[in-house]
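To keep things clear, I will list the structure first and then write my remarks on it.
The values are calculated or read from the model by the stated rules, or taken from the named source; none is laboratory data. These numbers come from a predicted model, not from an experiment. Please note: Cβ atoms are built from the backbone with ideal geometry, for glycine as well, and neighbour counts cover all protein chains shown.
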C-alpha cells in the first residue's frame with residue numbers, strides 16, 4: 001500500500017506545480033507591464049487639445065459611451081498628445097471625448113489597440129461629430 005500512497009503524493013505535487021505555474025504566468029490586460037500607448041486625438045487632420053482619452057482593458061469591442069465603464073483616463077495636452085504607460089500586452093479600447101473649436105461641436109470616437117510585450121505603440125484616436 002505504501003508505494004501507491006507515494007505515487008498519489010507525487011501526482012498531486014506535480015499537478016499543484018503545474019497549476020501554480022499556469023496561474024502565475026497568466027496576466028490580464030491592465031497596468032503592471034512594460035508597454036505603452038501614446039498618440040494624438042484627431043478630428044480628421046485637426047488636433048483636439050485637452051481631450052479626455054479613456055481606456056478599457058481586455059477588449060477589442062467598443063464598450064459604449066458611458067465613461068464609468070472604462071478602467072482609466074488621461075487628459076491630452078495642449079498639442080492633443082496623450083499617453084498610457086506601464087501596460088501589459090493584450091487588447092485595449094481607447095475612447096476620446098473632446099471639443100473641436102473650428103466647428104464648435106463636441107467630438108467623440110475610439111479605436112481598438114493590440115499591445116505587444118515591452119513595446120511603445122503610437123496610435124491616434126480618431127474622433128468625429
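Assorted remarks:
- Listing of strands (runs of 3 or more DSSP E) fully contained in region 58-111 that carry 2 or more residues being more than 19 Å from residue 122 (Cβ to Cβ), in contact (Cβ under 8 Å) with a residue 40 or more places away in the chain and touching a strand residue (DSSP E or B) at 6+ places or on another chain (Cβ under 6 Å): 90-100
- The set of residues in region 112-129 being closer than 16 Å to residue 37 by Cβ and part of a strand (DSSP E or B) consists of 112, 113, 114, 115, 120, 121, 122, 125, 126.
- Region 11-26, residues that are assigned to a helix (DSSP H, G or I) and at pLDDT 55 or above: 11
- Failed item in (1) at pLDDT 95 or above; (2) surrounded by 13 or more Cβ atoms within 10 Å (Cβ to Cβ); (3) under 16 Å from the mean Cα position of the chain (by Cα), with residue 68 passing the rest: (2)
- Selected residue (criterion: surrounded by the fewest Cβ atoms within 10 Å (Cβ to Cβ)) from residues of region 27-49 that are at negative phi and assigned to a loop (DSSP other than H, G, I, E, B): 45
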